[in-house]
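Asker: Sending over a structure as structure tokens; questions will come in a sec.
The values are calculated or read from the model by the stated rules, or taken from the named source; none is laboratory data. Values in this document were obtained by computation on a predicted structure and should not be read as measured data. For neighbour counting, all protein chains shown are included, and Cβ atoms are generated from backbone atoms with ideal geometry for every residue, glycine included.
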Amino acid sequence: MKKFLLFTSATYYPYGGMGDCKGEFASLNDAVDHATNSNDWGATDNMHILEVGDELTVWECDSTGQVTDALPLTDYIKAGEV
């Protein structure tokens with residue numbers, strides 16, 4: 001069962017919303033590997049991976065694929081409202 005959705009965009013050309021979804025993956029590592037090893041869209045800026053399960057978790061990663069933060073989706077949304 002795939003349960004990780006990768007969202008990323010090039011610096012100046014984000015599609016926005018679901019347009020920035022690059023696929024679904026079976027693991028966090030698979031999603032990061034795809035983002036850091038693919039040239040399909042030219043960049044890994046603003047990389048987020050949504051873990052879909054009993055709780056929704058947003059994994060934030062830098063352009064190298066290093067996890068920089070992980071928050072429940074509800075907390076991530078609240079932080080963006082400030």
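Asker: I need the full set of residues from region 45-63 which are touching a residue at least 12 places away in the same chain (Cβ under 8 Å), part of a loop (DSSP other than H, G, I, E, B) and closer than 18 Å to S27 by Cβ, in order please.
Answerer: Those that are touching a residue at least 12 places away in the same chain (Cβ under 8 Å), part of a loop (DSSP other than H, G, I, E, B) and closer than 18 Å to S27 by Cβ: V52, G53, E55, L56.
Asker: For region 28-44, state whether one or more residues are more than 19 Å from K2 (Cβ to Cβ), within 10 Å of the chain's Cα centre (by Cα) and either assigned to a loop (DSSP other than H, G, I, E, B) or modelled with pLDDT under 85 (or both). If you could, list the steps in order and put the result at the bottom.
Answerer: Restricting attention to region 28-44, the residues satisfying the condition of being more than 19 Å from K2 (Cβ to Cβ) are 39, 41-44.
Narrowing further to those that are within 10 Å of the chain's Cα centre (by Cα): 44.
Next, from what is left, pick out any that are either assigned to a loop (DSSP other than H, G, I, E, B) or modelled with pLDDT under 85 (or both): 44.
Yes: one or more hits.
Asker: Does region 2-19 contain any residue that is surrounded by fewer than 16 Cβ atoms within 10 Å (Cβ to Cβ), modelled with pLDDT of 80 or more and either among the aromatic types (F, W, Y) or in contact with a Gly (Cβ under 9 Å, 6 or more places away or on another chain) (or both)?
Answerer: Yes: region 2-19 contains one or more residues that are surrounded by fewer than 16 Cβ atoms within 10 Å (Cβ to Cβ), modelled with pLDDT of 80 or more and either among the aromatic types (F, W, Y) or in contact with a Gly (Cβ under 9 Å, 6 or more places away or on another chain) (or both).
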